Ligand code: FES
Ligand SMILES: [Fe+2]
């Protein structure tokens, strides 16, 4: 249906490249292909394990049209299931909460936290019905550090292989010791790729964030590509104090375990396809994108600090300044992404030439196209 030749201009160095054709951000057909060839095959990020901290805690997510449940079982294990009743398909849970079992609101089938069908009133006369074969459909869920990932493909490589050298290079953040202190969700009328491109380029900082970030602090360093993650390295080796707050009297302690390049600044990482991590001296935050169709994305912001930092008496007081900074800058990025998307929907929109200040824009496009429209 799509010819790789029509994407030749994104497979060039940034000085010669063009952005993706605008219809890649707006076409339902192209989005359907993204779901089939990309999101259904890769490790997708679902945030911090603290969302299901206790036995019986669950969250529900609608991800690329797939309702799913993540739940911590009675045995302490975190599992994921397709959120579709095995009777006639109704989602068995909504929102978030804590429960002993999931009761389908339609005809009352009850599923245990491990997915097994516990009871199904009215099915006594159904011939050949095997209760044991009618549990919720399990999905592959793996954890790296404090973060959960789900893969819909039974044959996909293990998460650790998918992450490549990310764990080695970013290993000193002591991710298991990070607590999720706040999670906010934003509905943004833009394509998910628009938001990731924005997160991974610094060209927009002097305009979009002119009131909130100091663009003089930016370094326009090279952007190395790894297998399934990209690192903007903006700020890297360029600061020794938090850039998240302006007033140092509100700075929270640094993560004590940081080493090497992690100790030297901030790493902005795209864990492809739909996650941006801001890994810095005192905290780690994430943007988790949940595509809702070509023209709409749910953007989840998670803020994580070390356990010892969260336990400080002054934590609540000081973290407010971090929240303010994150909320302001993310609001600016959400607004400009929605605005860009509105322009991309125009029949007059064209691929555009790029600046050397956005080298990851073509690199992201190359990664996307290689997955969405693989070479024959
Ligand atoms: S659809 Fe769930 S019990 Fe009928
Ligand atoms: Fe931004």
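The values are calculated or read from the model by the stated rules, or taken from the named source; none is laboratory data. Note that this is a predicted model, so its numbers are computed, not measured. When we count neighbours, we look across all protein chains shown, and the Cβ atoms used for this are built from the backbone with ideal geometry, even at glycine.
Looking at this structure, is residue 230 touching a strand residue (DSSP E or B) at 6+ places or on another chain (Cβ under 9 Å) and either at pLDDT 70 or above or not assigned by TED's automatic domain parsing to the domain that holds residue 19 (or both)? When the stated conditions are applied, residue 230 passes them. The helices (runs of 4 or more DSSP H) located wholly in the stretch 280-376 that include 3 or more residues which are within 18 Å of residue 25 (Cα to Cα) and touching a residue at least 40 places away in the same chain (Cβ under 8 Å) occupy 315-344, 360-372.
Residue 135 meets the conditions (1) over 29 Å from residue 261 (Cα atoms); (2) surrounded by fewer than 16 Cβ atoms within 10 Å (Cβ to Cβ) in every case but one. The failed one is (2).
Given 269, 188, which one is within 14 Å of ligand 2 (Cβ to nearest atom) and modelled with pLDDT of 80 or more? It is 188. Among the strands (runs of 3 or more DSSP E) confined to the stretch 40-146, the ones with at least 3 residues that are out of contact with any helix residue (DSSP H, G or I) (no Cβ under 9 Å at 6 or more places or on another chain), free of Cβ contacts under 8 Å to residues at least 60 places away in the same chain and within 16 Å of ligand 1 (Cβ to nearest atom) are located at 101-103, 110-112.
Tallying residues that are crowded, with 17+ Cβ neighbours inside 10 Å and farther than 30 Å from residue 155 by Cα within the stretch 105-132 yields 2.
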